[in-house]
Amino acid sequence: MEKKFDAVLFDMDGTLTDTEKYYQEAWPKSLAHFGYEMSAEKPLILRSLGRPYAVEQFKEWYGPDFDYWAVRNYRKQMVEEIFKDGIPLKPGAKEILQWLRDNGVFVALVTANDKDRAERYTKRIGLFEYFDAIVCADMVEFGKPAPDIYAYACKELKVAPENTLAVEDSPNGCTSAYRAGCNVVMVPDLTEPDEELKKMLYARVDKLLDIKKLF
């Protein structure tokens, strides 16, 4: 195969793993534990939202004294309990990673998770060995939707952003990759791209294995 791109950079939650729906349930429950209410659309806004934007968003919603880290840590515990029984993969996740490696394409994970959890989860689900680099939110100053994390991933892989595909499911993730200069591929999970987001996309595909058609 003649390579059209040098690397493919994957988000994790909602893209490679079918986990975003559990975060959508866990956020309102965690807020309720601390006496707050959360409307159904607010968790969608939080998908892949990194530091410091998540903290700012919650303070905007619930006031300057809101203890984001207490609520987030409680939510993390809830999700960890759910994932004890297994972490579901998106259809075609392993297959597309194997296909890319077989064809000499660099593969990186670019996730809003911290390094410890990203490595722990990918090892549990058998994906760790597929990645040439794992880049996490705690490695950069600004998380998604800032471009930092994707720019850092390109630097780690020694590839130019314009020679990469960035595979995402959420607006924040797509925006981050677009701002870094990557070619953004959206595989919608919980929502379809709106008109503004469509302008940022190189492609929108139904499933991960459709990425093959882009080479």
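Across region 27-54, which residue is surrounded by the most Cβ atoms within 10 Å (Cβ to Cβ) among those that are outside any helix (DSSP H, G or I) and within 19 Å of the chain's Cα centre (by Cα)?
So, considering only residues that are outside any helix (DSSP H, G or I) and within 19 Å of the chain's Cα centre (by Cα), the one surrounded by the most Cβ atoms within 10 Å (Cβ to Cβ) is 48.
Pick from region 200-215 the residues that are in contact (Cβ under 8 Å) with a residue 40 or more places away in the chain and farther than 18 Å from residue 190 by Cβ: which of them is surrounded by the most Cβ atoms within 10 Å (Cβ to Cβ)?
The qualifying residue surrounded by the most Cβ atoms within 10 Å (Cβ to Cβ) is 211.
How do the helices (runs of 4 or more DSSP H) wholly within region 108-215 filter down when requiring 1 or more residues that are basic (Lys, Arg), farther than 24 Å from residue 44 by Cβ and outside the structural domain of residue 76 (by TED's automatic domain parsing): which remain?
Because the criterion is at least 1 residues that are basic (Lys, Arg), farther than 24 Å from residue 44 by Cβ and outside the structural domain of residue 76 (by TED's automatic domain parsing), the helices (runs of 4 or more DSSP H) in region 108-215 that meet it are 115-124, 148-157.
Given the options 2, 56, 80, name the one that is modelled with pLDDT of 95 or more and of a type in the set (Asp, Glu).
Selected residue: 56, the only one of 2, 56, 80 that is modelled with pLDDT of 95 or more and of a type in the set (Asp, Glu).
Taking region 80-107, which residues are surrounded by 18 or more Cβ atoms within 10 Å (Cβ to Cβ), among the β-branched types (Val, Ile, Thr) and assigned to a helix (DSSP H, G or I)?
Residue satisfying the conditions is 96 alone.
Take the residues in region 101-125 that are hydrophobic (A, V, I, L, M, F, W, C) and under 19 Å from the mean Cα position of the chain (by Cα); name whichever of them is farthest from residue 139 (Cα to Cα).
My answer is 125.
So which of 24, 57, 77 ends up being within 24 Å of residue 148 (Cβ to Cβ), out of contact with any strand residue (DSSP E or B) (no Cβ under 6 Å at 6 or more places or on another chain) and not in a loop (DSSP other than H, G, I, E, B)?
The conditions single out 57.
The values are calculated or read from the model by the stated rules, or taken from the named source; none is laboratory data. Treat the numbers as computed from the prediction; the structure is a model and nothing was measured. Methodologically, a virtual Cβ is constructed for each residue, glycine included, from the backbone with ideal geometry; neighbour enumeration extends over all protein chains shown.
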